[in-house]
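Take a look at the structure below.
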């Protein structure tokens, strides 16, 4: 039975991939990319995934959570299976709950410090890359805004007063009210992570993963375009587009990173059609890698959780049918069921079925027929 459930999950993942990945562009990119470049891209994505898994495990252990390095890394690698979905970044925090005395709200502090470190690291890389390619001064507002946001979040995490003030401001509007954490101990966990060593190591992790992603973009852009890009231009395009996705107020940065990357590639002399082709190829590679590797890790290390979820759903359906039967038995014992039956019978009389016209029903206005003998006796009595 377990093998059947795992096979069904794998088939469902394959169906989701077929709906999300642009396979025509993906296979066209594979045919256009040399074998050495393809191997280099896969190697870069593998190293990047390992670095991100180590970073996530470091955040959890820095928050003083009872979890090992291996379990922290597997929770991130398995959580990559939902990375392309809205809110999929919360899956590693949920999977970390499967190990030891770790709760999801405690692991969520790792997401907070990870966002702060990514904002700092990517903004610094984007600022440096813009200096390398000699961008105009007005464009530096983007990485500077990222640094300001990161500084605000650090102050919010370190001070309980600032945390409460920002929480009250977010609670005033319906749009941002759901961002306010409900648990009081989240700020304590976050403040434990807002230390200089933790943030500096997080920034180092972020710079490393950004450099690996820029190297992947450099390899695919040179393989799929005629003019290609230089290493510093690849670092500029990728870091600035990611910085825009972090700064602009779009949930998850959906569409911001791709559109800004296409615009920056166009400023380097690459046509819009070819730039769009490169972006689709990169996203297809990334999504396919994360889904395949993440699903494999999810089935390998967390198959018991999946089976438990399926058992809970099965038990819920059984409990629902049992509850309906017990409810009807209680209604019948208390006499309410009889009232319901009388109501149904009256409703069927007032609204008869289509075949009920053949049944003889005596109209209410017709008097009953006289009974012989009884009428004679009543006549004598009147006399």
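Translational D (Stokes-Einstein, µm²/s) of segment 186-263 at 10 °C and 1.306 mPa s when Rh comes from the Kirkwood sum over C-alpha pairs?
For the chosen part, D equals 111 µm²/s.
Report the FRET efficiency, 1/(1 + (r/R0)^6), for residue 191 and residue 292, where r is their Cβ-Cβ distance and R0 is 45 Å, rounded to 0.05. Walk me through the intermediate numbers first.
Values: r = 38 Å, r/R0 = 0.84.
For residue 191 and residue 292, the calculated efficiency is 0.75.
Could you check the simple spin-label distance between residue 131 and residue 69, using points 7 Å along Cα→Cβ, in nm with one decimal?
So the two model labels end up 3.4 nm from each other.
Fully extended, how many nm does the chain gain between residue 47 and residue 272 (0.36 nm per residue separation, minus their Cα-Cα distance)?
So the chain would gain 78.0 nm between residue 47 and residue 272.
Just to be sure I understand: if I project the alpha-carbon convex hull of segment 94-137 onto a plane and average over all orientations, what area do I get in nm²? Spell out each step's value before the answer.
Working: hull surface 16.4 nm².
The number I arrive at for segment 94-137 is 4.1 nm².
Give me 99, 303 sorted ascending by neighbouring Cβ count inside 10 Å, so fewest comes first.
Least to most surrounded, the residues fall as 303, 99.
So between residue 111 and residue 158, what do we pick up on full extension, going 0.36 nm a residue minus the alpha carbon distance?
Extra length available between residue 111 and residue 158 comes to 15.4 nm.
What per residue convex hull volume, in Å³, do the alpha-carbon atoms of segment 40-137 yield?
Residue-normalised Cα hull volume stands at 125 Å³.
Computed FRET efficiency, Cβ-Cβ of residue 103 and residue 227, R0 45 Å: what is it to the nearest 0.05?
The formula returns an efficiency of 0.30 here.
Each value in this text was obtained by applying a stated rule to the coordinates, not by laboratory testing. The shown structure was predicted, so the numbers you read here are calculated from the model rather than taken from an experiment. As a convention, Cβ positions derive from the backbone with ideal geometry for all residues, glycine included, and neighbour counts pool all protein chains shown.
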